[in-house]
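S.K.: Starting off with a structure, shown below.
The values are calculated or read from the model by the stated rules, or taken from the named source; none is laboratory data. Worth saying up front: this structure is predicted, and the values here are computed from it rather than measured. So basically every Cβ, Gly included, is an ideal-geometry build from the backbone, and we count neighbours across all protein chains shown. SASA here: full protein model, heavy atoms, side chains in, ligands and nucleic acids out. Shrake-Rupley method; radii C 1.70, N 1.55, O 1.52, S 1.80 Å.
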Amino acid sequence: MRKFNIRKVLDGLTAGSSSSSSAASSSQQPPPATRENDIQETLQSEHFQLCKTVRHGFPYQPSALAFDPVQKILAIGTQTGALRLFGRPGVECYCQHDSGAAVIQLQFLINEGALVSALADDTLHLWNLRQKRPAILHSLKFNRERITFCHMPFQSKWLYVGTERGNIHIVNVESFSLSGYVIMWNKAIELSSKSHPGPVVHISDNPMDEGKLLIGFESGTVALWDLKCKKADYRYTHDEAIHSVAWHHEGKQFICSHSDGTLTIWNVRNPTKPLQTITPHGKQVKDGKKPEPCKPILKVEYKTTRAGEPFIILSGGLSYDTVGRRPCLTVMHGKSTAVLEMDYSIVDFLTLCETPYPNDFQEPYAVVVLLEKDLVLIDLAQNGYPIFENPYPLSIHESPVTCCEYFADCPVDLIPALYSVGARQKRQGYSKKEWPINGGNWGLVTQSYPEIIITGHADGSIKFWDASAITLQVLYKLKTAKVFEKSKNKDDRPSTDIVDEDPYAIQIISWCPESRMLCIAGVSAHVIVYRFSKQEITTDVIPMLEVRLLYEINYIESPDSEQVPPLPTPGTGSNPQSIAPQSHPSTSSSSSDGLRDNVPCLKVKNSPLKQSPGYQVELVIQLVWVSGEPPQQITSLAINSAYGLVVFGNCNGIAMVDYIQKTTLLNLGTVELYGSNDPYRREPRSPRKSRQPSGAGLCDINEGTAVQEDRCKSPTSGSGSPNNSDDDQKMNNFIEKVKTKSRKFSKMVANDIAKMSRKLSLPTELKPELDVRDNSFSRSRSSSVTSIDKESREAISALHFCETFTRKADTAPSPCLWVGTTLGTVLVIALNLPPGGEQRLLQPVIVSPSGTILRLKGAILRMAFLDTTGSLVPPAYEPWREPNVPEDKDEKDKVKKRRPVSVSPSSSQEISENQYAVICSEKQAKVISLPSQNCTYKQNITETSFVLRGDIVALSNSICLACFCANGHIMTFSLPSLRPLLDVYYLPLTNMRIARTFCFTNNGQALYLVSPTEIQRITYSQETCENLQEMLGELFTPVETPEAPNKGFFKGLFGGGAQSLDREELFGESAAGKASRSLAQHIPGPGGIEGVKGAASGIVCELARARIALDERGQKLGELEERTAAMMASADSFSKHAHDMMLKCKDKKWYQF
C-alpha cells in the first residue's frame, strides 16, 4: 500500500526519551517480546541494490545541439558536461562526461551509431550509441591548443578540428589519433596580412568538391583551402566579424552571418566583394547610406528546395532599438520574412532536411530550436510555421518546482481518470504532423504497476505525471491560484503578503490516491482541500475558513479564535476558567494598537468560480495575522477521506478542520498539546523548560464530552472541568512562571524569526546557497540563530491519521491522529466520529488529546503502523465516488462507506498486543508495541548527520523503512526488527532542492530534483536493477543509408557533379606522417565491447552483442587478409631473390665461391 499524506519536513531538534520508553530503549536492540518472534521477515540485503534509472526533464543549461538525419536522433549537450539523447517519445538517454566541462559542440557520425563531443576543456570524445547505455570509446586531449569548431563530413572517418590559434588539425575517428596533416593559419590567410585572423569559427567542405575546405576566421576572413595542393584557392575578406557560414548545395555560393546584423552572400569564384549584402532587420535607409547596425546574427542556415525558393534561417540580428523584444528566429523564404518570437534566448538551432547528402536539394521540413529553457520544433511545410506539440516531458520547470511526491502501485483507474480530465486542457494550433524525431526503439515493459509523480510549483500550479515503466508524461495540471484575487500590479499587492514573490507557491502536498482527495499547503500559510470530479460545476461562494493560530498564549487580551465568514458560528459555552482562551469569531482587521490583526495573506475570490472537470475546491483555509505578526508557514499536513478531516501544523501549533461540516475542531499551540493549559486534569509541563516529562506525563486524560454548540472550538477552550480549586491554583502558578519566562525570551527573537522565515521562504529558483532553512524546513544547525529558534519554537513536523490504540488501557483500535514535533515528541489525539450518513453532516467530531506521549531523538519525520503479521496498516479511506451526481443509491452506499476500517489482514483479530507503531525521526527509528507502548526495537540511524527523508515502503511483498541522510547515504531497514539492509553513499546534500524533493515510494523507487529542470529517478531494488537493461530503450536501429543523388547523364559525361576525395591518401600516416605527440594525448574509453558485455542482457542485447562480434570478426578477417597478402608479397620477393641468386651462381665452379 501507499503512504498518502505525510510530509518530509526538515525541522530538527533533539530530545530526550520519555518515561515509557527510556528503559526499553537504553540498549540498541532490546529483547523482542514473544509476539514479534512470529513475524517472518523476508527482506534480506541481497534484495537491495542502488542504481540510477532515468532522468526526465529539460537538460539544464544547454549549450550544444546535433541531429542524425538518418537515425532521427537528437543530442543536446550542457554546460555541466551532460549529454541527453532523444529518439521517439519514450526513448531518452542521459550520459555524463566525467570532467563536467561544458559541451561546446556535438557531431553525429551519421547512421554509424556514434557521436563526437567537443568540450570546453579541449577534449574530444567518441560515444558509442550502439549500446543501451552509451559509453565513451576514445578520448583525445589537446594540450597546446583550444578547440573552437569541429566538422565531420558525411560518410568520412576524418574529423576537422579548428582551434583558437586559427589552425586546423585532422583526427582519424576510428583510431582517435591525429593526422600529420595540419592547416596552419598563416598559410590560409593572405601573406601580406599583418594581423592574426582570430579563432576558427567555421569549417565545411564544398558540397560539390570534397577536396575544397571552406575555413571561416572570426575576424571576417574566409579561405577556400585546396586539400590536395595544400594552399588557399581564394580568400574572402569582410570588415565585420563572422559568426557562421553556410553553403548553397550546388557549391557555387555560400552565405556568412556577421556581428553587425548583416548577411553576405559570396560567389565562390569572386572573392573581391560579396554578391549580395542583406540586413534582415535593418531599417530601409535612402540616399545609399549604410543601414543602422543591428545585433549580431549568431547563426545562419541556407537550405534549398526543388520546387521553390531557398530558405535562409537565422537567429539574432534584431535592431538595437527593439528593447525588451523577445529573442527571435527569422525564416526568409523568397520574398516573405517570418519573425518567430521565442520565450527564452536561443542557444542553437538546426534545420531538419530530407537528405543527409550536402550536395542534393536539402528539402527542409522543420527547424529544431534549442532555447535556454525549452525545445521548440517548427513546421516549415505549413503556412504560418506552427510548432509541433512536444511529446517529451520537458515542461517540469515551466514554473520552478517547490515540492514533489511519488506514488508507485496506485489504483489502476487513476491514470485514465487524470488523463481524461487533462486531455481537455491541451492547447490548440499545433502542427498536424507527427513528431519528426522518431528514432530508436522502446524497451520491454517489465513493470506493470501504475506510478504517479506530483510536482508542486512556485506559481501555485500542481502537475500530475504518469511515471509508469520509466517513462514520464504529463496527465493533468491544476492551478491553485485560481481561487484567489490577483493584484493587477505590484503596487496594488496587499501589504499582508509574507513573501515578496510567488505568494501561491506550493509547500506540501497530501494526496489519498484511493479517495482522490487532494490537499495542498502554500507558502502564504494557506491550505486548500480538493475533491476530484468528472463533472464541470460553478461554485457561487468558495467555502472558506480563517484560523488564528497563536504561539504566545496571552490569556484574555489575544483570544484564540477562528474566523468563519461564510458560515454562522455557534456561540461559545460558559467558561469558568479565566486562563482558558475564549473562542469566538472576530472580524476586525486591526487590533486596538493599530497592528494588523485577523487578516489572511491572500484574498479569496468572492465571485462565482467555474470549475472544470478534475480537481475542484472543497474548502480554503487560511491562517491570519495576529497582532501585527504574520502567520507562520505550514510545516506539516495530512488529510483523511474516511474521517472527513484535514490537519496542519506550524511552529505555533496545530489546527484540525472538518472539511465536511466546514468547521475548525482543534486549534492549539504546540505547548497546549502537552496539556499544560487544558481543562483535562494533568500535571502541566513545558517542553522548552525540561526534557524529562513529569511523572504524570503519560497519565490518561479524563475525557470531557463536548456539547453540540462547542463543535467549532478546540476542546481545551470550552466546557467546564472536574478540577478542584487547589489543582487550579497550582496549575495557574506554574503556567504563570513558564509564560513570563518564555514570553520575555521569545519577544527578544520574534522579529528575527519573522524576518528569517520571510527571507528564507522564497521558493523561486530554490536558492541552493541557503544553508539554514528553505521554504518548508527549519533545519537544526549549530548556528546561533537556529539555536535560539530551536529553543523558542516547537513545530509540528509529522501528522498521521490511523485506526489504532490511543492509550495503554485500550482493548480495540479507534480513529486517532498521531502528531510528531521537531523536539522528537509524538502525541496522540483521539477522534470521536459520529456515525455516517446524515448524522455525519450534523453531529460534531469530538477531538481530545489522549495523554499518550512518546519520545525519540531528533525531529519526527514519518509514522506508520503494522499489524501482527508485519503488514502495513494503511489509513482508512473512503473509495472515490462522483461527488456531483447525488443519487439515492449512492447516498445509501455513502452511509455504508463513510467509516471503513483499515484494510489489514489482522484488523479482525482480537489480540491485546496487535499493532506496532513505526516512528522515524532525524536521528533514530523505533518500533513500539501497541497498546502496551513498549519500545520493541530501536535503531540509531545516524549520529553525526540527520535524516532528510524517511518513508515506510512496500518491496517484494514485504515492507521496509527507507532513509536518505544529509551526508548522502541511502539506507534501508527491515520491519519490524529494524535490521540494516542497505547503506550506500549516493550523493551529498549539495543544496536544499534535493532535500526538499527527495522521496521514496513502493517497489524500490525513489526520485529527487537533480537540477531546477530535471527529475532523477533511482531504484534501490535488486530486481529493478537487473531488469533495467531490458526496460531501457535502444537509440541505434539498423537503417539503410539513403541513396546518393543521381549525377545525371551530362554531368557524368562531362565530369560535373560532386568530386570525391581519397582522404586516406592525404591524411594517412604514409602520406602526412605522424602528428606531434605533445599536441594531443589519446585516452582509451571504457565503452568498448567490454562495456556491452558487462551491461547487456536480454534478446536485444544479445543481437547487439552478436552484431558487434560480427563487426569484430570482420575486422579480424580483414586484418588476417592483409597479413596473408603481406606474407604472399614477402614470399614472392623471397622467391625472386632466390631465382636471381640461382642465375648468378649457376655457371660458377665450386672453387670460385
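S.K.: Pairs on different chains or at least eight residues apart, Cα atoms closer than 29 Å: how many lysine pairs in the stretch 262-376 fit?
M.R.: 27
S.K.: Take the solvent-accessible surface of the protein heavy atoms, probe 1.4 Å, and return the percent of it on the stretch 368-509 that carbon and sulfur atoms account for.
M.R.: On the stretch 368-509, the fraction of accessible area on carbon and sulfur atoms equals 48 percent.
S.K.: Next question. Once you place label points 7 Å from the Cα toward the Cβ at THR944 and ASN383, how far apart are they in nm?
M.R.: So the label points at THR944 and ASN383 sit 7.1 nm apart.
S.K.: Work out from phi, with θ = phi - 60° and the Karplus expression 6.51 cos²θ - 1.76 cosθ + 1.60, the ³J(HN,Hα) of each residue of the stretch 604-616, listed in order in whole Hz, and give x for Gly and Pro.
M.R.: Calculated HN-Hα couplings, in order: 6, 4, 9, 9, x, 10, 7, 10, 6, x, x, 8, 10 Hz.
S.K.: How many angstrom separate the Cα center of the stretch 257-327 from the Cα center of the stretch 1018-1042?
M.R.: Each part reduced to its Cα centre gives a spacing of 45 Å.
S.K.: Assigning unit charges at the beta carbon (Lys, Arg +1; Asp, Glu -1) and nothing else, what dipole magnitude in debye, to the nearest 20, does the stretch 198-302 show about its Cα centre?
M.R.: It works out to roughly 240 debye.
S.K.: Provide the per residue accessible area, probe 1.4 Å, for the stretch 200-246, rounded to a whole number of square angstrom.
M.R.: Result: 34 Å² per residue.
S.K.: In the stretch 364-419, what is the volume of the convex hull around the alpha carbon atoms, normalised per residue and reported in Å³?
M.R.: 146 Å³
S.K.: Report ARG1123's accessible area, 1.4 Å probe, all protein chains in place, as a number in Å² to the nearest 10.
M.R.: 140 Å²
S.K.: Still on this structure, I have one more. Grab the Cα-Cα distance for TYR320 and TYR430, subtract it from 0.36 nm times how many residues apart they are, and report the gain in nm with one decimal.
M.R.: 36.4 nm
S.K.: Taking the Cβ of SER117 as the center, what net charge do the other residues with Cβ under 15 Å away carry, scoring Lys and Arg +1 and Asp and Glu -1?
M.R.: Residues close to SER117 contribute a combined charge of -4.
S.K.: Okay, next question. Return one whole number: the accessible area per residue of the stretch 591-643 in Å², for a 1.4 Å probe.
M.R.: With the other protein chains kept in place, the stretch 591-643 gives 30 Å² per residue.
S.K.: Now for a different question. Looking at this model, which pairs from LYS132/LYS479; LYS157/LYS230; LYS52/LYS477 are more than 31 angstrom apart at the alpha-carbon?
M.R.: LYS132/LYS479
S.K.: I would also like to ask the following. Report, by chain and number, residues whose modeled amide H sits under 5 Å from the one on THR262, excluding near sequence neighbours (fewer than 5 apart, same chain).
M.R.: Amide H neighbours of THR262: ILE297.
S.K.: Over 18 Å between C-alpha atoms is what I'm after, so list which of LYS857/LYS926; LYS187/LYS228; LYS141/LYS1074; LYS432/LYS463 land there.
M.R.: Where the Cα-Cα span goes over 18 Å, the pairs concerned are LYS432/LYS463.
S.K.: In whole percent, how big is the carbon plus sulfur part of the accessible area of the stretch 37-86, probe 1.4 Å, protein atoms only?
M.R.: The C+S portion of the solvent-accessible surface of the stretch 37-86 is 39 percent.
S.K.: Quick one: what are the phi-derived ³J(HN,Hα) couplings along the stretch 824-833, Karplus 6.51/-1.76/1.60 with θ = phi - 60°, whole Hz, x for glycine and proline?
M.R.: Couplings: x, 9, 10, 10, 10, 10, 7, 10, 10, 9 Hz.
S.K.: Pull up all non-local amide H partners of ALA232: gap of 5 or more, or a different chain, and H-to-H distance under 5 Å with H placed in the peptide plane.
M.R.: ASP226
S.K.: How much net charge surrounds ARG165 when only the other residues with a Cβ under 14 Å from the Cβ of ARG165 are counted, with Lys and Arg +1 and Asp and Glu -1?
M.R.: -1
S.K.: Same structure, new question: Just to confirm the filter: which trypsin sites (Lys or Arg not before Pro) across the stretch 104-163 are DSSP coil and have at most 14 other Cβ within 10 angstrom of their Cβ?
M.R.: For trypsin sites (Lys or Arg not before Pro) across the stretch 104-163 that sit outside H, G, I, E and B with at most 14 neighbouring Cβ atoms in 10 Å, the list reads ARG144, ARG146.
S.K.: Ok, one more. For VAL1039, what is the net charge nearby, where nearby means another residue's Cβ is under 10 Å from its Cβ and Lys, Arg count +1, Asp, Glu -1?
M.R.: Residues near VAL1039 contribute -1 overall.
S.K.: Could you give each residue of the stretch 122-132 its phi-based ³J(HN,Hα) in whole Hz, using Karplus coefficients 6.51, -1.76, 1.60 with θ = phi - 60°, and x for Gly or Pro?
M.R.: 6, 10, 10, 10, 9, 9, 8, 9, 7, 10, 4
S.K.: Non-local amide H neighbours of GLN915 (under 5 Å, H modeled in plane, Pro and chain starts lacking H): which ones?
M.R.: Sorted by chain and number, the residues that satisfy this are LEU930.
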